[in-house]
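The values are calculated or read from the model by the stated rules, or taken from the named source; none is laboratory data. This is a predicted model, so every value here is computed, not measured. All Cβ positions, even for glycine, are placed from backbone atoms using ideal geometry, and neighbour counts span all protein chains on display.
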Amino acid sequence: MPSVGEIVPDFELLNQNGQAVRLSDYRGSRVIIFAFPKANTMGCNNQACSFRDVFPRIESHNAIVLGVSSDSVDTLAEWKERKNLQYDLLSDPDHKMLDAWDAWGFNLLFIKLPISATRSYWVIDERGILVDQQIGVRPQESVDKALTAVEGLSRAN
């Protein structure tokens, strides 16, 4: 799992159009990644649409957004279109990235049950360094905290 202050590991996943997306493609930009359990469910709609609604503010800070789940490419394509999302949704059906970033499964009494992505967010600076994260977060909280972190990067520069 990446730790705050460290360079994050690169990954490659397919987006909603079936195109390969590499995290390293975004070096030079700030990146917000959010993990969500399942497209088109109440909490995930809240999270994704909230990122959609603040997207112009995110862009104004030289940042992009990527959503990640284990949903299929086709499911993500339909959801992106239905909810008018401006950013890529990445499919991690084997949950390799989600596992590596400690955002797969459900903790129950210290037992990790692998059932879905754990709602989470990560903020990465232009150099690829993780500056903020939270594994296990409420939908709106993920948006608010990620936006605050990106705005903080702008103030620091």
Exercise for review: Would you point out which residue out of Glu141, Glu81, Glu59 is free of Cβ contacts under 8 Å to residues at least 12 places away in the same chain, out of contact with any Phe, Trp or Tyr (no Cβ under 7 Å at 6 or more places or on another chain) and under 17 Å from Leu14 (Cα atoms)?
Suggested key: Glu81
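Residues are listed down the side, and each one gets a yes or a no for (1) in contact with an Asp or Glu (Cβ under 8 Å, 6 or more places away or on another chain); (2) β-branched (Val, Ile, Thr); (3) modelled with pLDDT of 95 or more:
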{"position": "Thr41", "(1), (2), (3)": "no, yes, no"}
{"position": "Leu66", "(1), (2), (3)": "yes, no, yes"}
{"position": "Phe110", "(1), (2), (3)": "no, no, no"}
{"position": "Asp125", "(1), (2), (3)": "no, no, yes"}
{"position": "Ala149", "(1), (2), (3)": "yes, no, yes"}
{"position": "Leu153", "(1), (2), (3)": "yes, no, no"}
{"position": "Ala156", "(1), (2), (3)": "no, no, no"}
